1. With a bin width of 10 angstrom, please list the P(r) values of segment 178-237 as percents of all Cα-Cα pairs, from the 0 bin to the one holding the largest distance.
2. At most 10 other Cβ atoms within 10 Å and a DSSP loop assignment: could you name the trypsin sites (Lys or Arg not before Pro) in segment 1317-1425 that fit?
3. Excluding CYS97 itself, calculate the net charge of residues whose Cβ lies under 15 Å from the Cβ of CYS97, where each Lys or Arg counts +1 and each Asp or Glu counts -1.
4. Ignoring ligands, DNA and RNA, please state the percent of accessible area on segment 1297-1452 from carbon and sulfur, probe 1.4 Å.
5. Here are some pairs, LYS1307/LYS1371; LYS517/LYS621; LYS237/LYS258; LYS496/LYS1140; LYS258/LYS1185; which of them have Cα atoms lying more than 27 Å apart in this structure?
6. Considering all alpha-carbon pairs of segment 456-529, what whole percent are spaced by more than 13 angstrom?
7. Across segment 1225-1230, in residue order, what do the Karplus-derived ³J(HN,Hα) couplings come to in whole Hz, using 6.51 cos²θ - 1.76 cosθ + 1.60 with θ = phi - 60° and x for Gly and Pro?
8. Hey, got the dipole for segment 115-185? About the Cα centre, +1 on K and R Cβ, -1 on D and E Cβ, debye to the nearest 20?
Amino acid sequence: MRGYRPTPVSNSTLSFCGSDNSSAYKVDNGLLNNGCFLDALGLVPHVFLLFSTFPILFIGWGSQSSKVHIHHSTWLHFPGHNLRWLLTVVLLFVLVCEIAEGIVSDGFNQSRHLHLYMPAGLGMLAAITSIVYYHNIETSNFPKLLIALLIYWTLAFITKTIKFVKYDDHGIGLMQLRFCITGLLALLYGLLLGVEVNVILRRRYMWFPCPTEVKPPDDLQDLGVRFLQPFVNLLSKSTYWWMNTFITSAHKRPIDLKTIGKLPISMRALTNFQRLRQCKSQQNEKGPVPLKGSRWIWLALRQAFGRPLVLSITFRFIADLLGFAGPLCISGIVHHISSDNHSALPPVKLLGVHFISSEAFLANAYVLAVLLFLALLLQRTFLQASYYVAIETGIKLRAAIQTKIYHKIMRLCTSNMSMGDMTTAQICSLVARDTNHLMWFFFLCPNLWAMPVQIVMGVLLLYSLLGVSALIGATVIVILAPLQYFVATRLSRAQKSTLEYTSERLKKTNELLRGIKLLKLYAWEHIFRSSVEETRRQELRNLRTFALYTSLSIFMNAAIPIAAVLTIFAVHVHVHSGTDFDLSPAVAFGSLSLFHILVTPLFLLSSVLHSTVKALVSVQKLSEFLGSTEIEIDQDPVVQTTATDNNNSNIKSVVRSASCSSQPARELISCTENKRIDFKQGHRLSHSCCSAEPAYFTEALSVFPLTLRDLSGQLTMIVGQVGCGKSSLLLAALGEMQKISGNITWNNILTACVFRKRGSVAYASQRPWLLNATVEENILFDMAPNEKRYKEVIEVCQLQPDIDTLPQGDQTVIGERGIILSGGQRQRICVARALYQHTNVVFLDDPFSALDIHLSDHLMREGILKLLRQEKRTVVLVTHKLQYLPHADWIIAMRDGTVQTQGTLKDIQCAEPELFEQWRTLMNRQDKENTTELKRKSFRRPMYSTDTLATEDEDEGKTSPSSKHETHSFATYLRAAGLLLLPLLVLSQLTKHSLMVAIDFWLAHWTSRVIAAQIESDCEFSHSSYLQVFCGLCALGIVLCLVTSLAVEWTGLRVSRELHCSLLRTIVLAPMRSTTPLGNILNRFSADTNTIDQHIPVTLECLSRSTLLCVSAVGVISYVTPLFLFALLPLAVACYFIQKYFRVASRDLQQLEDSTEMPLLSHYSQTIEGLTTIRAFRHEQRFKKKLLEHTDANNISSLFLMAANRWLEVRMEYIGAFVVLIAAVASISNALCSQLSAGLVGLGLTYALMVSNYLNWIVRNLADMEVHLGCVKRVSSLESVISRCDVIAAPAQVPAGWPKYGEIQIKNLSVRYDSSLKPVLRHVSAHIRPGQKVGICGRTGSGKSSFSLALFRMLDTIEGQIVIDGIDIAKLPLQTLRSKFSIILQDPILFSGTIRFNLDPERKATDQMLWEALEIAQLMPVVKALPGGLDAMVTEGGENFSQGQRQLFCLARAFVRKSSILIMDEATASIDMATESILQKVVMTAFADRTVVTIAHRVHTILGSDVVIVMKHGAILEYDEPDVLLEQKDSVFSAFVRADK
């Protein structure tokens, strides 16, 4: 320092009390009046503690901890733990100040006085020893050893009190710093003594005979709990020391759910949900009327999670206040280096030594450097603690809300979704997006309170440095703040608009992928691809707007500080030039550091406000969802019977009195009010009946009064045409429809009737619903395994051949919605689940629709008629197969939403002879054929080959990218950027940061010249030339900031466009036999594309900025103080290993968080889709438990990732603090020894602070970039997974109107699905004449569908050829070939849009042609009744139509094209027999002159064909006219016909 210079000291005069004071060892006035003796007395307690504890610490002791196996090193036994640690930290800080004060005071003596700082040094060592000793005692539960600490605190308190009293006696007061330090030390030792006494008294340790027994926390008794943040000591909490082992172990083996273990109890979803529910209950109890709207949610959240948020805000306040120490210390250091005198009070010599004041102490530059270092350590610690508490609270809140949403879903009325009021996507968005909005709002919430404090403090400190010009600079920032808010608002709007187009694009992409087979067969893929590309172009337009505002936001973040500093310094040199307030290095660089702090909250303001608005909107949406209609939980009465082993055994019968109508609601209401229908058929038993009062349901279901006999243990069938309400009848009985009036009664026995919830019902829905689990888990459905019954059910449903084809048998995971299975396999697994359950009531909703005749017969005979009847279970069967009606005990016939008739088949024959005759003609079954037994064996093609598994395993293996993969992915990203934007991006970044360094160097040079001019001469210094250069550099810097931000965002846009276009083209043109799962492809278009669009550009900009700033900072510091390079090496090594270990752990944890989030969201969508089934089975609690497991797994991943981020930031910021300390000490020494200019010292310290701020961001962004580049890798590598594309060649020379006749010649054809698979058709030859009607039949896997697909070249041809009307189809472009045929697939596929679009996407047909097609398909009345007619909307997947109606629309779609060749692939499986019979006649009439190839499950549908082909094992077994084959009694076809009758 300059000013008071210490007296030169000789090294030979070193002694404890010094040799320059003759009275140092005199005790004439008493020992306690000797200053050196007082300091020596202070050594006694420290020496005692060190000598008494070191042997114990090094030798160790046996543990007396609990016998329970726990994480004993984290068990905090003693009370006052946190207070002890806080007091010890404060004690260490005060002791550091005492050491520094002693060293500074000793500088004024002629010899070294060790007593001034040596006792404080030993005191520091003793304080560290005390806390280590205490930690070992506490974790080992050895309280008797607390006696050493008790004695130490007592002795230390006594000695410091004596010293403090003697200082006071000699007139040493508050003006002397040592007096204040001594008083503080006495107070701290006294408080620590009080803490020790409190531990002994509360736990009755030491001399008490019976100490208090303390049990460890429940979490620590569970070795599965590995998240130890709540249980470790305060130091480990602050530095995340307990994470060291976890982070380093991640480098050896990947992190998985087993590694991270379970959540502590207080952090689990159930705990926080119960806390939120309790707060909601308390809100309801406060007033008679529950709070409405979203206000109750905010109040409940505040009450449940407000307390930790207050703690986070407190930590943030402390951190922000400590943050101002940096600019103040820099200003002080530079000021005292640049000035030779100051006004500090001279030291006072008392008791033989010098005493300095606080002002003199703080005038020392080295002291300021140490204080800056300590302030940075504390500031970073409190800041990270604030972040941790806020994020942990946000994660707890998210878990509580997600659980509450799920509980609401379990009570949700399904009619809300089926009527379009609420969709699965909306609910999943509520879970995935809105809960995250609330979580991040809680994370950013402390900023709302901290920002005003930062702004006020910053402006006040700037004013103290710069005067009025500071207010002008602050005014510039305030004026530009609304502009920044405007940009943030526009950015939010652009993002919202982009999200709308993104959702629309994903919806279209999803439909394209799910219907890709149909689109290829109809050659419509280019239409849907163009539609997706058009939506993508609109999305990119919004992304361009988003990128522009993002660029402006980044630009303003960089440009506003430059503009504000330029304005301040320009005003300052004009206002204060030549005065004491003239521009100096201390003023310039102190104010520069303050501006970095002041601008931060203003930049955060827009983000915080944006987050607040999103949180408000999310809470409003949440409130609307939680207030939606629920089902009536306790409305269903059941009979009370004697308890049995099965709690469902008391269910005897089910309501059979409801009907459904598709009429508008108003018509139904009037019908219900004005027309009362009363069906009384069969017997009415006095002891048991089942009835329903007149009722009306919001899904147009009306219930009429019916009296039924007891049907327990019997089979009831519900029949009727498509759309008459058969499925709705079952849903109404299950309570799944909103009931306006009337009652549904279960088990209403007159003698003993109680009302409670109905029991479990085994329900198989019309649309198969499966879990993303193994086949076995889907069948058992959480029932106890019973091997005998399991095998019996497998045999009944004929699943064993299918299971044998799966890679892992019944342990194969079937994927989401059973994606690896065929429709028939999915249907049979659902039926098997219903049969396996031990319930007395079984609902089967059209279980035969996806099954061929053999499977249907076997299931009916062995499953329903044998298995279920033997167990005397009540079965309600909805079916279109009228041949099974003779087996029914009771029949309900429905028509147009009403019950047409009901009774036994004999009753209906008498009451409705016309209806019965119609049935008999359709049934075509004789009683004597009912017992025909078909011995058959299924030959099935594997639906899920081992190749698929290998592909997925390889894909999983690629989730941990090596540096080679990262480099390749980054190169792919840069190649997509193009040759123009890439050089612009690199050059603009380098030029911008070089210019920023030049601006700061010019400022250092300018301010140093001001100081030099003041010292050298009295003439006024001219600022004009320096200010002009400074203005020019700043203006150029602002321009480059804009260029850089635009270059980054436009590069990202170009890459997004190129990668998505390439991905879409690859997928659309890919062959159908690609083994890439649909879910993986959808993720490429959704999550990965979103990352490439929005996240990679921002991360790339932040990474490049942080890296270049730190490189610039290291360069500047090394230039100012070359000695810094020696200290840089160990710091660089530390940084390297920290980032090396962190990146591996962070990547694993991010992937784990993503991988646990997908099952969570999938569980929500899976639950919503199967809500009816779950509630029918009464498995709500089981699925709630599974939800808690998924939520906790996702939250533990998030918590570990957050803790790992805190672990990194604490260490990097501590390293940054050391950089500041080393740079400060080196700069001060260099300035004092070699006259380094004060401007360069200020420049070096300012850049050192910059390193502290940006060092951790380099590693964080590097880890994020590594994860983001995985998205680029997955998108770019999809082309290599998909072997080749279907190239659409230019149209060949095809005759006009081809094919005109429809003649098909198949010559020795062999085809296969892929080059790695076996042929599915072998040496097939056939000749189909023009206009011939051909029927193809065969058992499952015989090659029927492959035969039809070969006509469209969907398979690889090994040998042979197909010639149609004289042209070999192998020579035709695919687009031309497929556009000439029509096909109707088994699975009906409809797209969102109008009916017109679904029938004719190419828009070539007239309205008359469309109506004709609808009339042929028996849909004209349905479409005419809809508002808009042909322009009526079809919801996604055609959900607003029944399964049968969707199939009829697909028929109509084929009729519109009117090609000369029509292929019907099991197209009438979901249609009732009456409608099917009509359609067959119409098809034969409408396509009389055209070639029709029909692939049939029900053989009777092809009896009228000209030729029948029977296939087996991929070859033609029989090929002749049906009459000829029927005459051959031993033919396979005749066996099929007999089985189908």
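The values are calculated or read from the model by the stated rules, or taken from the named source; none is laboratory data. Everything numeric in this text was worked out from a predicted model, so none of it was measured. Cβ: placed from backbone, ideal geometry, glycine included. Neighbour counts: every protein chain shown. Note: areas computed on protein heavy atoms with side chains; ligands, DNA, RNA excluded. Shrake-Rupley method; radii C 1.70, N 1.55, O 1.52, S 1.80 Å.
1. P(r) over segment 178-237, rounded to whole percents: 17, 24, 32, 20, 6, 0.
2. Working: sites: ARG1322, LYS1333, ARG1339, LYS1344, ARG1353, LYS1371, ARG1378, LYS1380, ARG1396, ARG1403, LYS1404, LYS1424; in loops: ARG1339, ARG1353, LYS1380, ARG1403, LYS1404.
Taking segment 1317-1425 and a limit of 10 other Cβ atoms within 10 Å, the loop trypsin sites (Lys or Arg not before Pro) found are ARG1403, LYS1404.
3. Values: positive: LYS160, ARG178; negative: GLU98, GLU101, ASP106, GLU359.
Local charge sum for CYS97: -2.
4. Working: 3110 of 6190 Å².
Reported share for carbon and sulfur atoms: 50 percent.
5. Details: LYS1307/LYS1371 15 Å; LYS517/LYS621 37 Å; LYS237/LYS258 23 Å; LYS496/LYS1140 37 Å; LYS258/LYS1185 19 Å.
With Cα atoms farther than 27 Å apart: LYS517/LYS621; LYS496/LYS1140.
6. On the way: 2056 of 2701 pairs.
That tail contains 76 percent of the Cα-Cα pairs.
7. Per-residue couplings from phi come out as 5, 5, 5, 5, 4, 5 Hz.
8. Values: 5 positive and 3 negative charges, 17 e Å.
Dipole about the Cα centre, nearest 20: 80 debye.
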